[in-house]
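Working notes, structure below.
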Number of protein chains: 2
Amino acid sequence: MPTSTGHFRTGPFAGRTVAALGQDLRAGRATATELAGQALDAVAGLDAALNAFVTVDAGGALAAARRADDELAGGTDRGPLHGIPVGVKDLIMVAGLPATMGSRHFAGHVPDRDAACVTLLREAGAVIVGKTTTHEFAYGPTGDRSATGPSRNPWDPARMSGGSSGGSAAAVAAGMVPLALGTDTGGSVRIPSALCGIAGFKPAYDAIPADGVFPLSRTFDHVGVLAGDARDCLLAYRCLAARDAGEPPGTPVPRHVQGPAGPSGREDGGQARVAWLDPGGLFAGAARVVRSARAASGAEEEVKLAADLGRELRDTYTVIQSCEAVAEHAERLAGAPDLFDPELLDRLRAAAEVPGWRYVRAMAARERLARAAGELFGRHDVLALPAVPITAPLIDQRETELDGEKIAVRAALLAYTSPWNVLGLPALTVPAGTVDGLPVGLQLVGRPGREALLFEVAARLPLP
Amino acid sequence: MPTSTGHFRTGPFAGRTVAALGQDLRAGRATATELAGQALDAVAGLDAALNAFVTVDAGGALAAARRADDELAGGTDRGPLHGIPVGVKDLIMVAGLPATMGSRHFAGHVPDRDAACVTLLREAGAVIVGKTTTHEFAYGPTGDRSATGPSRNPWDPARMSGGSSGGSAAAVAAGMVPLALGTDTGGSVRIPSALCGIAGFKPAYDAIPADGVFPLSRTFDHVGVLAGDARDCLLAYRCLAARDAGEPPGTPVPRHVQGPAGPSGREDGGQARVAWLDPGGLFAGAARVVRSARAASGAEEEVKLAADLGRELRDTYTVIQSCEAVAEHAERLAGAPDLFDPELLDRLRAAAEVPGWRYVRAMAARERLARAAGELFGRHDVLALPAVPITAPLIDQRETELDGEKIAVRAALLAYTSPWNVLGLPALTVPAGTVDGLPVGLQLVGRPGREALLFEVAARLPLP
């Protein structure tokens, strides 16, 4: 199915939104069983080149699709995800399907319970097609270190998908499925979404429950969604966000989406105020990538980070993530180090040396940074910046050049996304044009409880 | 003023309670100025042998006492601490008085603002006599490592007062003042109170505000009170405990003292249910010390810790305290290590090596331990155990023998107190007899919001 120009964005769901598929299902123009069949065929046709999927559950998907069809026929409508094929990152437990976490440590591991977000997905009527490739233990933004092989970019399979939710991004970008779940600890939903030219949403911390998701760094881990456009991310988010305990399960718009109107009251008809956040305070970005994102943002106002804020955000991220990652892996690191990919092993060993007092300091810095960031939102509802400072590097590439200077690919990929994990803020990336034929992502960052503003802004972007 | 038997518990406030002094003041049998003068004379007479005080503020104390007298004469009564002489640990800021933290790093340091608890003390009409000796930076339970010299035990000045609030305990035990403030990170109020034969109360975490107190380990640090008996601790605590924001400052019984009646409703007339907590699960104790405390407790029921709980509490304490202490001292450790006492320097250097992932694990363990401890309170309101497994060792002693085995003095001193810092539970120690002429403390541990039960139990103890 690849085209003559070598791209693989040819699956049946390329350019078809969840919203449109839902209309087709309800108008009798499609059945869930047909959609599941199309997804399975697309995986069979495209995935040898992309390695987006680790496990395909044809039987389970078709059974779920038939149930979805029967329910719709019988008058039971579970909402916008009813009958929609979905990919689930291989770090998120689906009962009865292998969950390898991309690691030889979990070869053959089959959980017997669904993660909480998978339960919600099933309750919403979604059809789980299979498990998607993750960077080993989600510990890397490149998506090319995994016991199940690297996921590849549908725009050019010689290039990385980005990670760690690389398989989910590649599956959606290739049109194999219209929607996928991922996790995002420093950018792992947004980075591959940006590099693969789709939309990806990392909600506020703890907005989608993380029970049953293998942890990387517990205070940074977020469950997120990947789809062809921002509206589909919102539809999926609304089905997965934790509800207030008192709300009945059918409440259509959960607390985090609805949110309080907030001091600006912008939800009540006014336009959300957007500012461009000069990304230079975080990391040097490729000029054309930054320009492309900026043009897409349409923002007229600009804000800058205080001089030291960017560095402090980065250092805080690194220290906390290092200590929390080793807290999950210390026994594996001591007992079976050789089962880790060598790059991961090196990183974990270095992370194990970070002293505890630095973690204590980083946790205190995080509170200060949250206050400083709060001031950035004083006059604006949404901050816009690129999702990633560069376009997709080649698989296995570890250095790139920017303005004649060598920079580490990993540091570059994480630079614009990880601050919002430190701060726990909701952040959405949407496609914002291409540079040299590779996609660029525009990132919109907001405040918890005011997620709706991000989607409002995305909907009126002057996208190219 | 020492007696022929060599003890120094001969000050004017020995055996006089804050409650009785308050009656004397209001009945015209004493003035605050007289009490302050007695305290200053006692310090002048006794403190050369005990080193309980680092700084004496005769001028400030007499001025405050005159104001207290004028107010009482004018009909303004600030409550139970009005006109009462108080010592304040040299780790707690008193505006205009040196605060050395017992360290050469802060030689000559004079803060210009009162700590929040000192502000509350002044608002309650207390008369601050001076600053009391602290173990350097409060980083040790022996009280004998301080740039201002060791504080000594009024029962035998060759012996340690215990620490780190050693000066406060010695000052009260010697009768120089009827009341003192201390801090307690692993037992630093309760250990010296027990070794010096007085009462000491460590409230629930954050019950007395810690602003303006030099931190040792921020998630374990508690401000506490030391006095001749438990009732005086309660009087002082009521004046210092943080109030609900909505309460007027004069509200007599703050939230933490009053507390909810709780499921047992014991505050409503019934007797609090006390169980003896077998301390062997935490640490081996000297048989006669344990017997003395047990007899004093009068408890008939007994509970035991689950096998691993004691060790896990100790490990959790050590890891968290180490990392948090170095987070406060890293620059001093790097820039001017030789200003630390050598023992402290060794400890800080070892603490700086504790890896961050262990801190992450310890913080998670703390949550598990809190749940496990909650079960201990399932059928009991108050747990009773010794405050300290041994009686006061000699100054500079670092090892002692128990049943033929050598044990580290520091580990022994902390063993029964630090678990309640890990769990943030309120804990009171009261005198419980003597062994070989040295005092033993009985510790009562309860739940936040139900502090009143501890004092109810203390009031009906069959004390020797």
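Please find, within the range A:333-345, the residue that is nearest to the other protein chains (Cβ to nearest Cβ) out of those that are open to solvent by less than 50 Å² (accessible area, probe 1.4 Å) and farther than 23 Å from A:Gln397 by Cβ.
A:Leu333
So in the range A:346-359, with the set limited to residues that are open to solvent by 30 Å² or more (accessible area, probe 1.4 Å) and assigned to a helix (DSSP H, G or I), which one is farthest from the other protein chains (Cβ to nearest Cβ)?
So the residue we want is A:Asp346.
Could you check B:Ala307 against (1) surrounded by fewer than 20 Cβ atoms within 10 Å (Cβ to Cβ); (2) touching a helix residue (DSSP H, G or I) at 6+ places or on another chain (Cβ under 8 Å); (3) assigned to a helix (DSSP H, G or I) and say which number it fails?
(3)
Test A:Leu216 against the stated conditions and say whether it is within 14 Å of chain B (Cβ to nearest Cβ) and either buried (at least 24 other Cβ atoms within 10 Å of the Cβ) or within 8 Å of the chain's Cα centre (by Cα) (or both).
So A:Leu216 passes the test.
Collect the residues in the range B:311-332 that are surrounded by fewer than 20 Cβ atoms within 10 Å (Cβ to Cβ) and either more than 21 Å from B:Trp357 (Cα to Cα) or not charged (D, E, K, R) (or both), keeping them in residue-number order.
Those that are surrounded by fewer than 20 Cβ atoms within 10 Å (Cβ to Cβ) and either more than 21 Å from B:Trp357 (Cα to Cα) or not charged (D, E, K, R) (or both): B:Thr318, B:Ala330, B:Glu331, B:Arg332.
From (1) touching a residue at least 60 places away in the same chain (Cβ under 8 Å); (2) part of a loop (DSSP other than H, G, I, E, B); (3) in contact with a strand residue (DSSP E or B) (Cβ under 7 Å, 6 or more places away or on another chain); (4) within 21 Å of A:Leu348 (Cβ to Cβ), pick out the condition that doesn't hold for A:Thr183.
Evaluating A:Thr183 over (1) touching a residue at least 60 places away in the same chain (Cβ under 8 Å); (2) part of a loop (DSSP other than H, G, I, E, B); (3) in contact with a strand residue (DSSP E or B) (Cβ under 7 Å, 6 or more places away or on another chain); (4) within 21 Å of A:Leu348 (Cβ to Cβ) leaves (2) as the failure.
Give all pairs with beta carbons closer than 8 Å in which a residue from the range A:386-407 that is surrounded by fewer than 14 Cβ atoms within 10 Å (Cβ to Cβ) meets a residue that is assigned to a loop (DSSP other than H, G, I, E, B); count only pairs at least 6 apart in sequence or on separate chains.
Pairs found: A:Asp396/A:Asp144; A:Asp396/A:Pro150; A:Asp403/A:Ala284; A:Glu405/A:Ala284.
Does A:Leu339 qualify as being farther than 16 Å from B:Pro355 by Cα, at pLDDT 95 or above and over 25 Å from the mean Cα position of the chain (by Cα)?
Judged against the criteria, A:Leu339 is a match.
Hey, A:His105 hits all of (1) assigned to a loop (DSSP other than H, G, I, E, B); (2) open to solvent by 10 Å² or more (accessible area, probe 1.4 Å) but one; which does it fall short on?
Tallying (1) assigned to a loop (DSSP other than H, G, I, E, B); (2) open to solvent by 10 Å² or more (accessible area, probe 1.4 Å), A:His105 fails exactly one: (1).
Check B:Glu123 against each of (1) open to solvent by 30 Å² or more (accessible area, probe 1.4 Å); (2) touching a Pro at 6+ places or on another chain (Cβ under 6 Å) and name the one condition it does not meet.
(2)
Would it be correct to say that A:Ala194 is outside any loop (DSSP other than H, G, I, E, B) and in contact with a Gly (Cβ under 6 Å, 6 or more places away or on another chain)? It would help to see each step written out before you state the result.
On the way: outside any loop (DSSP other than H, G, I, E, B): yes; in contact with a Gly (Cβ under 6 Å, 6 or more places away or on another chain): yes.
Yes: the conditions hold for A:Ala194.
Do you know which residues across the range B:360-381 are among the small types (Gly, Ala, Ser), surrounded by 20 or more Cβ atoms within 10 Å (Cβ to Cβ) and at pLDDT 95 or above?
Scanning the range B:360-381 gives a single hit, B:Ala362.
Here are the criteria: (1) part of a helix (DSSP H, G or I); (2) more than 14 Å from chain A (Cβ to nearest Cβ); (3) more than 25 Å from B:Ala275 (Cα to Cα). Tell me which single one B:Ala364 does not satisfy.
Checking B:Ala364 against (1) part of a helix (DSSP H, G or I); (2) more than 14 Å from chain A (Cβ to nearest Cβ); (3) more than 25 Å from B:Ala275 (Cα to Cα), the one that fails is (2).
For B:Leu369, only one of the following conditions fails: (1) farther than 19 Å from B:Asn421 by Cβ; (2) more than 22 Å from the chain's Cα centre (by Cα); (3) more than 11 Å from every other protein chain (Cβ to nearest Cβ). What is its number?
(1)
Do the conditions hold for A:Asp90, that is, is it in the same structural domain as A:Asp156 (by TED's automatic domain parsing), closer than 30 Å to A:Glu399 by Cα, in contact with a strand residue (DSSP E or B) (Cβ under 8 Å, 6 or more places away or on another chain) and at pLDDT 95 or above?
yes
Anything in the range B:272-304 that is in contact with a helix residue (DSSP H, G or I) (Cβ under 8 Å, 6 or more places away or on another chain) and either within 14 Å of another protein chain (Cβ to nearest Cβ) or not hydrophobic (A, V, I, L, M, F, W, C) (or both)? List them, or say none.
B:Arg273, B:Pro279, B:Gly281, B:Gly285, B:Lys304
Which condition from (1) surrounded by 24 or more Cβ atoms within 10 Å (Cβ to Cβ); (2) touching a Phe, Trp or Tyr at 6+ places or on another chain (Cβ under 7 Å) is the one that A:Lys89 breaks?
If we test A:Lys89 against (1) surrounded by 24 or more Cβ atoms within 10 Å (Cβ to Cβ); (2) touching a Phe, Trp or Tyr at 6+ places or on another chain (Cβ under 7 Å), just (2) comes out false.
The values are calculated or read from the model by the stated rules, or taken from the named source; none is laboratory data. Since we're looking at a predicted model, the values are computed, not measured. Please note: Cβ atoms are built from the backbone with ideal geometry, for glycine as well, and neighbour counts cover all protein chains shown. Quick note on the areas: whole protein, heavy atoms, side chains included, nothing else; ligands and nucleic acids left out. Shrake-Rupley method; radii C 1.70, N 1.55, O 1.52, S 1.80 Å.
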